[in-house]
Structures are given as C-alpha cells and as structure tokens.
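Let me begin by presenting the structure, written as structure tokens, before commenting on it.
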Amino acid sequence: MSLADKLAARQIKDLIPYQSARRIGGIGNSYLNANESPYPAYEMPEKETWQRYPDFLPGDLVTKYGLYAHTQSDNVLTTRGADEGIDLLIRAFCEPKQDSIVISPPTYAMYGFIAEAHQVEIQNVPLIAPEFSLDLNSFKSIKKNPKLVFLCHPNNPTGNLLKRSDVVSIADHFKDEAFVVIDEAYIEFTPNESFALDINKVPNLVILRTLSKAFSLAPGSHRFCVSAA
Ligand SMILES: Cc1ncc(COP(=O)(O)O)c(C=O)c1O
C-alpha cells in the first residue's frame with residue numbers, strides 16, 4: 001500500500017470518485033453528459049475550444065512542467081494555485097478534530113488558516129531566533145503524530161533556505177507517518193536547487209510550486225507539483 005493510501009483521510013477513502021464526461025471519454029462533438037455547448041463561443045479564435053471543460057490532468061501542461069521542474073510528468077498534479085494544493089493536501093489526508101499538521105512560524109499563514117477551516121489541529125515548532133533556523137530537536141520530540149509537515153523554501157516571511165540534511169532528517173523521522181510538504185513558491189528567486197529533484201529518493205516528500213510569482217501568472221494559471229508516493 002502506498003503512503004498516500006495509508007494516510008488518506010477516511011472520508012476520502014470512502015468516496016466513490018466522480019467520473020466526469022471528460023474522464024469517461026467518448027467520441028463525437030456533442031457531450032450532453034458534460035453539459036457543454038457543442039458550439040464555439042462567439043468570436044472565439046479558430047481551432048480554440050474554450051467551451052469545453054479542461055482535462056482532469058492536462059497532459060501537455062503536465063509533461064512540460066515536468067520537463068521544467070526536472071521530474072517525471074507522473075509526479076506532477078495541477079491545481080489553481082499553490083493555495084489550492086495546500087487545501088487539497090489537508091482535505092485529502094487530515095480528518096477534522098482528529099489529525100494535525102506541523103508548521104514552523106513565522107511562516108506563510110495559509111497552512112494554518114486552511115487547517116483551522118477544516119478543524120485540523122496545528123502543532124507549532126517555532127523557528128529559532130535570531131537566525132530563524134529550524135528547531136530539529138523539537139520536530140523529533142513532537143508527541144502527536146502529524147499527517148503533514150509544512151516547510152517553506154525560501155521561507156515567507158524570513159527568506160531562509162532549508163538545508164538538505166535537515167529536510168532529509170525530518171522526512172526520515174516522519175517516514176511512513178506523514179508527508180513533508182516543501183512550499184517552493186519563491187524557489188525561482190534563489191540560486192538553490194529545488195527539492196523536486198529529491199522526490200524519487202525521499203518517498204514522503206511533496207513539493208508545491210507555482211507560476212504566480214516568477215512567471216507573473218497569478219490570474220489563474222498556477223501549477224502544483226507533487227511527489228507520487
Ligand atoms: C509561501 C507561499 N506559498 C504559496 C502561496 C500561494 O501561491 P498561489 O498564488 O500559487 O496560490 C504564496 C502566495 O503569496 C506564498 O507566499
């Protein structure tokens with residue numbers, strides 16, 4: 001059983017997946033079961049098909065992002081922004097009033113907001129001032145097993161970069177118990193390598209990336225990269 005299957009929240013395991021008309025497939029031009037118009041919208045450029053629902057996992061995009069991030073395309077999942085990726089991870093793996101996530105404040109506030117919205121407990125392991133370094137010992141003495149550990153690389157708001165040895169050590173500590181999620185929303189602004197290069201070696205690593213910062217594509221073209229555990 002994969003780690004994702006093992007950690008998935010009960011309500012997610014019990015779900016019978018929705019099969020959209022796009023996923024069921026079919027041939028032709030009129031997909032009544034997709035509730036799409038068979039006619040192009042007024043003044044749509046020739047050959048464009050904006051009236052169609054997009055693919056569940058757009059193959060072209062996933063392949064190209066995989067090439068860009070130096071990882072196989074089947075490690076890539078697309079979402080509308082890294083924030084939706086954070087939300088998806090918390091909903092997929094955490095059961096309300098039962099599970100927890102770990103964050104290291106000061107850090108990006110959205111991990112905490114989304115956890116609270118889903119009634120998921122937040123365990124804080126604050127960064128150590130004045131350098132804002134990770135408190136490795138406190139990570140290892142966490143009593144209640146979290147499902148997700150969020151680390152930000154470079155960290156918003158301190159700008160600190162993560163050491164590879166620290167990430168490997170935290171991932172190893174939570175091996176088989178939790179995913180370590182590295183938020184690399186600002187990775188393109190550093191000379192450091194992305195941890196996306198490690199996802200095949202460290203099985204409980206998940207990397208969040210986005211096109212909203214370095215590519216200025218905030219209005220709706222954000223992308224999310226996740227390890228296939
Ligand atoms: C650290 C960090 N992660 C994720 C996000 C959200 O990214 P997106 O615009 O792709 O939702 C932000 C946005 O400010 C951020 O600062």
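The values are calculated or read from the model by the stated rules, or taken from the named source; none is laboratory data. Everything numeric here is computed off the predicted structure, so don't read it as measured data. Cβ sites come from the backbone with ideal geometry, for glycine too, and all protein chains shown count toward neighbours.
Leu197 falls short on exactly one of the conditions (1) more than 16 Å from the chain's Cα centre (by Cα); (2) over 18 Å from Ile86 (Cβ atoms), and that condition is (1). Within segment 159-182, not a single residue is in contact with a Gly (Cβ under 7 Å, 6 or more places away or on another chain) and away from the ligand (no atom under 13 Å from the Cβ). From the list Val202, Val206, the one residue that fits, being within 16 Å of the ligand (Cβ to nearest atom), in contact (Cβ under 8 Å) with a residue 24 or more places away in the chain, under 21 Å from Leu7 (Cβ atoms) and in the same structural domain as Val62 (by TED's automatic domain parsing), is Val206. Residue count for segment 67-99 under the criterion of being more than 14 Å from the chain's Cα centre (by Cα), of a type in the set (S, T, N, Q) and either more than 17 Å from Ile182 (Cα to Cα) or within 14 Å of the ligand (Cβ to nearest atom) (or both): the result is 3. Within segment 109-121, the presence of at least one residue that is aromatic (Phe, Trp, Tyr), crowded, with 21+ Cβ neighbours inside 10 Å, under 20 Å from Ala196 (Cβ atoms) and in contact with a Cys (Cβ under 9 Å, 6 or more places away or on another chain) is confirmed. Given the options Phe195, Phe224, name the one that is surrounded by 14 or more Cβ atoms within 10 Å (Cβ to Cβ), at pLDDT 95 or above and within 16 Å of the ligand (Cβ to nearest atom). Exactly one residue qualifies, and that residue is Phe195. Between Val167, Val149, which is in contact with a Leu (Cβ under 9 Å, 6 or more places away or on another chain) and either surrounded by fewer than 21 Cβ atoms within 10 Å (Cβ to Cβ) or touching a residue at least 24 places away in the same chain (Cβ under 8 Å) (or both)? Matching residue, one of Val167, Val149: Val167. For first residues located in segment 76-99 and in the same structural domain as Leu197 (by TED's automatic domain parsing), partners that are among the polar types (S, T, N, Q) and assigned to a helix (DSSP H, G or I) and lie 6+ apart or on another chain with Cβ distances below 6 Å do not occur.
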